[in-house]
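The next block holds one structure in the form of structure tokens; read it before the comments.
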Amino acid sequence: MFGSLGAHYLRVKPYEDFGGVPSGASCERFVLGEQPAGFVRVNLAAYHLAVPDVAGKVVVDVGTNEGAGAALLARHAARVVAFDRSEAGIASARARHSLPNLLFHVHDAARPFPLPDQSADVVFSSEVIEHLPDGGALLRGALRALRPGGLLLLKTPNDDFNRLENRLNPHHVNPYTPKRLRHEVEKLFEVAAISGLTYDVALLRTLEERPEPHPPELEPYRFGDPIVIDRGLLVRLQITPRWVPLPGAEAPEYLWVRATAPRGGRPQETPPTGR
């Protein structure tokens, strides 16, 4: 969501505005309550895409922030293990979402995931990999956590769409193009289908009347007192997600990956060379 706002409104610093994070903070995340609930719903759109794949499954949510998406998945999954490097985010997640099948951890996505190897059916990650200097660490962690044939679902901004926003955003240290993302994923996963995802942004304007409790002629009045005209212009930001074919004439704002862990188990890791 942040990237699309930066694309449409270049003077906005989306990682600082709309309830984001102050300049110089160590990570970029939503803070619930500091931005309109609609922005949270936009962020949850990717989680809704994952719902059909998680029913009755063990799911990992990588970079869960305050846990709203993990809680959504936990309403369908057998168990959800969700983690984030932000202690404040996880504290908020634990306070807001208490479900018997939902566990939260303070954990860095660049380290092996906090659950046994080959114990998860689905690994989900939305707008996290671009924050890691080594995106391969997240992919390797996902592969290690997944059972053979398990599913990786991943969303990240498309560097081909708005390279300027990625360069201006100090938190996007590892942006991906479709070609680079496919190359990285297919090093480890058996199948990699990469789709384009974008958001159409519109401003909806309506006039809102606030009628007075009494007819105007019955309202008391003394000549010279101010008269309030109680009509407001209401402006709403409407954001509509849609798929974009890849390859195609239009560069999508985001990339969506569906990848399958090898059914024969994870590839053998190459031992270090040298002394």
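Values quoted throughout were computed directly from the atomic coordinates according to the rules given, and no laboratory measurement underlies them. For clarity, every value in this text was computed on a predicted model and none was experimentally measured. Quick reminder, even Gly has a Cβ in these numbers, built from the backbone with ideal geometry, and neighbours come from all protein chains shown.
Taking ILE229 and the conditions (1) β-branched (Val, Ile, Thr); (2) over 23 Å from the mean Cα position of the chain (by Cα); (3) in a helix (DSSP H, G or I), which numbered condition does it fall short on, given that it satisfies the others?
(3) is the only condition that ILE229 fails.
Go over the candidates LEU197, LEU203 one by one and state the one that is free of Cβ contacts under 8 Å to residues at least 60 places away in the same chain and closer than 26 Å to ASN162 by Cα.
LEU203
So PRO52 ticks every box in (1) without any contact (Cβ under 8 Å) to a residue 12 or more places away in the chain; (2) under 18 Å from VAL257 (Cα atoms); (3) not in a helix (DSSP H, G or I) but one. Which box is left unticked?
(3)
Tell me the strands (runs of 3 or more DSSP E) entirely within segment 92-195 that contain at least 2 residues that are touching a Leu at 6+ places or on another chain (Cβ under 7 Å), charged (D, E, K, R) and closer than 24 Å to PRO245 by Cα.
The strands (runs of 3 or more DSSP E) meeting that bar number zero.
Can you name the residue in segment 63-92 that is β-branched (Val, Ile, Thr) and buried (at least 24 other Cβ atoms within 10 Å of the Cβ) and, of all such residues, is nearest to GLU127 (Cα to Cα)?
THR64
In the list ARG236, ARG180, ARG167, which residue meets the criterion of being within 33 Å of the chain's Cα centre (by Cα) and under 29 Å from ARG144 (Cα atoms)?
One residue alone meets the criteria, ARG180.
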